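K.L.:
Following this message is one structure expressed as structure tokens.
The values are calculated or read from the model by the stated rules, or taken from the named source; none is laboratory data. All of these numbers come straight from a predicted model, not from anything done at the bench. Note that each Cβ is placed from the backbone with ideal geometry, even for glycine, and that neighbours are counted across all protein chains shown.
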Amino acid sequence: MVWFAEEEMKGYEFATRHGHHRRLILEEEGTEIMRTRLWAAEQARARHGVGKEELLAANRFLFEQWANWERDGRPLIAGAYKTIAAQGVRLACLTANVTVEEYKAIVGHAGGYVKPIIDVIWPNWASEQRDDVRHVLTSYRCEDSLLRADFSDQLVDQFLDFIEANGLHGFYWRFDSFNHHSFKGNDYSNRGTEG
């Protein structure tokens, strides 16, 4: 996995050698990057004699280790496993010629989580934020809520569909920030509420 990651990075740097500033990758650069990734995946498979089953076993091991360290509250070690696992998933997908969604179904559950382990390690941020916003907005209907509004499920869904259809995901960042600072807060922001 590490050899594959290094070769893939060399291919990326070679394909985008015109500059390392932020920009859109040209179509021919994207084609070259994918060609290099496929070459590196095939070379890694052939060089180390690994197939789909060995990669699946290695990735499952990495997922389990990530879960153990994450549960133990060791984010740096868990992050290292996550970094290597990301390359393992990419290598496995290229070797087996499957998408990440298809590979997620192959991997299934690991680490004692209810959700598929790939969704736990790499959650879909937009989907989670949508669920959080939906939950908060519909909670304003409760009799005992501090702020009252009669947002129907349909109205909330139409609003969130509008957000996503127009690429306004920044709203989710602002909403999350507002909720975090309002309800979770910190000692400094809470000082402003004292009389």
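K.L.:
Residues being under 26 Å from A46 (Cβ atoms) and among the aliphatic types (A, V, I, L, M): count how many of those fall in the range 70-111.
P.N.:
Counting residues in the range 70-111 that are under 26 Å from A46 (Cβ atoms) and among the aliphatic types (A, V, I, L, M) gives 12.
K.L.:
Need pairs with beta-carbon distance below 6 Å; first residue more than 21 Å from A126 (Cα to Cα) and within the range 171-192, second in a helix (DSSP H, G or I) and modelled with pLDDT of 75 or more; sequence gap 6+ or separate chains.
P.N.:
S189/H181
K.L.:
I'm checking my understanding of the structure. Among residues of the range 12-41 that are closer than 18 Å to I84 by Cα and touching a Ser or Thr at 6+ places or on another chain (Cβ under 8 Å), which one is surrounded by the fewest Cβ atoms within 10 Å (Cβ to Cβ)?
P.N.:
Residue satisfying both the conditions and the ranking: Y12.
K.L.:
Restricting attention to the range 102-115, does a residue exist that is among the hydrophobic types (A, V, I, L, M, F, W, C) and either more than 30 Å from R37 (Cα to Cα) or not assigned by TED's automatic domain parsing to the domain that holds W39 (or both)?
P.N.:
yes
K.L.:
Quick one: which residue in A149, A110 is in contact with a helix residue (DSSP H, G or I) (Cβ under 9 Å, 6 or more places away or on another chain) and closer than 25 Å to R90 by Cβ?
P.N.:
Just one listed residue meets the conditions, A110.
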